[in-house]
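See below for the structure under consideration.
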Amino acid sequence: MAGRLAEIADSFFTPAVNDLVPYEPGKPVEEVQRELGLERVVKLASNEGPYGPFPAAGEAIERCVDELNRYPDGGAYRLRAALAERLDLRFEEVAVGAGSDGLVDCLSQAMLQRGDEIVCGWPSFPSYAIDARKLGAVPRTVALRDDRYDLDALLAAVGPSTKIVYVCLPNNPTGTTNTRAELDAYFDRVPEHVLTVLDQAYFEYIDDPGYPDGVEAYLKAGRRVVVLRTFSKIYGLAGLRVGYAAASAAVVTAIGKVRRAFDITTPAQEAALASLDSPGELERRRLLNEQGRATLETILREHGLEPVGPAVANFVFAEVGDDSRPFFEALLREGVIVRPTQGFGAPGAIRVTVGTDDEHRVLAEALERLGALSK
């Protein structure tokens, strides 16, 4: 029998870590099945695409299996070169990371120390604030206006200690976005001592001339900006964790100094690279998502929930009361996982990811049963 493990007091850890509330991921399907004894569970919680890797990406993964005894290319040379070519940037202006979330962590490590500040909207993606707090920096959160980032209020929150301003476009969890004109006005006013991080994790889902391409509109115009994107969403590679940043060479160099060695696996690099050459599949999934989002909004409205809008990504957001956890738990017992958004700063809401037609049917049936139970 193993001996008793030593007790480790909180004093072993930094005050920042002791005070941290960690990011809470969505529940895995297998865990819910095991806990509740359900045969089928539908997950509409984590903003994953409902489809697997692109066919070409699946084939690329298979081809590299026999080389998995070797470490991956630590510099992700081929992937960075391909991204630079497609974005019309220099190789030195593209960084890769373990999802765009991994790049938020790298930017925080490279730029923040105790007493520094970041500014972001709220509710929004929790990693902006969590990664700042890890380093003893202070997150200044700014309430949304009409469920979108309030860029004027964001600028008003910037002070002499502000290092980073995050603009989540579209915002997670609300699914809403700002216009090109609003972003133009923001960049005209943001102080020069601030680096803006434009998080465009859902960029490929949007086909709207009013939605800004951060690389073309701002990075190439010489703005102090980092543009984040990912292969986790429409490309169906969330399980491989690969994203990228477009930025000045100085920022990319700084990211490289703090990024963990070999954190982008060989299958992740090969699958991402293969996904870049499938524009037809990308467009097919974009159209399916647009149709699915409309269906999802209709289902929620038919059951008394009003989605925030206009939503432009692959999820919708709706208020359900003062505390969304009882609603989340009730749906869970019916075999549907959605996302309660307490950790995002919205304790009374849920976020629901666009799924397949069949998954939407399961959600509608679950909501119908909950409605019948409440009568």
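Panel values: region 1-83, Kirkwood radius from alpha carbon pairs, Stokes-Einstein at 25 °C and 0.890 mPa s, translational diffusion coefficient 130 µm²/s. Within the same chain, lysines fewer than 8 places from residue 27 are excluded, and of the rest, those with a Cα less than 19 Å from its Cα are 43, 233.
Across region 266-375 the C-alpha pair distances fall into 5 Å bins from zero in the proportions 2, 11, 19, 21, 16, 11, 9, 7, 3, 1, 0 percent.
Length gained on full extension, residue 319 to residue 283, computed as 0.36 nm times the residue gap minus the Cα-Cα distance: 9.9 nm.
Here's the list of aspartates and glutamates a cross-link from residue 134 could span, going by alpha-carbon distance under 14 Å and ignoring same-chain residues fewer than 8 apart: 19, 105, 116, 117. Label-to-label distance, residue 33 versus residue 10, with points set 7 angstrom from Cα along the beta-carbon direction: 3.9 nm. Quick one: if the Förster radius is 22 Å, what FRET efficiency do residue 179 and residue 51 give, using the C-beta to C-beta distance and rounding to 0.05? The formula returns an efficiency of 0.15 here. Entry note: region 90-156 has Rg to Rh equal to 1.03, where both radii use alpha-carbon atoms and Rh is the Kirkwood radius. Shown for the chain are no DSSP H helices, since none reaches 27 Å along its axis, judged by Cα atoms, with a mean Kyte-Doolittle hydropathy of at least 1.6.
Each of residue 114 and residue 59 was given a label point 7 Å from its Cα along the Cα-to-Cβ line. The distance between the two points is 5.5 nm. Antiparallel beta bridges, as assigned by DSSP with both residues in the chain, represent about 45 percent of the total such bridges. Mind putting together the pair-distance distribution for region 33-130? All Cα pairs, 5 Å bins, whole percent per bin, short to long. Percent of pairs per bin, in order: 2, 8, 10, 14, 16, 16, 15, 9, 6, 3, 0. Pairs of C-alpha atoms in region 230-307 farther apart than 16 Å represent 66 percent of all such pairs.
Starting from region 1-84, pick out the trypsin sites (Lys or Arg not before Pro) whose DSSP state is loop and whose Cβ has at most 11 other Cβ atoms within 10 Å. Sparse-neighbourhood loop trypsin sites (Lys or Arg not before Pro): 4, 40, 70. How fast does region 156-255 diffuse by Stokes-Einstein, in µm²/s, taking the Kirkwood radius from C-alpha pairs at 10 °C and 1.306 mPa s? Reported coefficient: 111 µm²/s. Between residue 298 and residue 19, full extension at 0.36 nm per residue minus the direct alpha carbon distance yields a gain of 96.4 nm.
Each Lys or Arg adds one and each Asp or Glu subtracts one; over the other residues with Cβ under 11 Å from the Cβ of residue 267, this totals -1.
Restricting the GluC sites (Glu not before Pro) of region 185-266 to loop positions (DSSP other than H, G, I, E, B) with no more than 13 neighbouring Cβ atoms within 10 Å leaves 192. Looking at region 191-296, the DSSP beta bridges with both ends there are about 50 percent antiparallel.
Across region 178-319 the C-alpha pair distances fall into 10 Å bins from zero in the proportions 10, 32, 34, 21, 4, 0 percent. Projected onto its three principal axes, the C-alpha set of the chain covers 63, 60, 52 Å, listed from the longest axis down. Sparse packing (at most 15 other Cβ atoms within 10 Å of the Cβ) combined with a DSSP loop state is found for the following trypsin sites (Lys or Arg not before Pro) in region 253-316: 260.
None of the figures in this text is laboratory data; all of them are computed from the coordinates on show. Since the model is a prediction, treat every value here as computed from it, not as a measurement. Don't worry about glycine lacking a Cβ; one is built from the backbone with ideal geometry, like all the others, and counts go over all protein chains shown.
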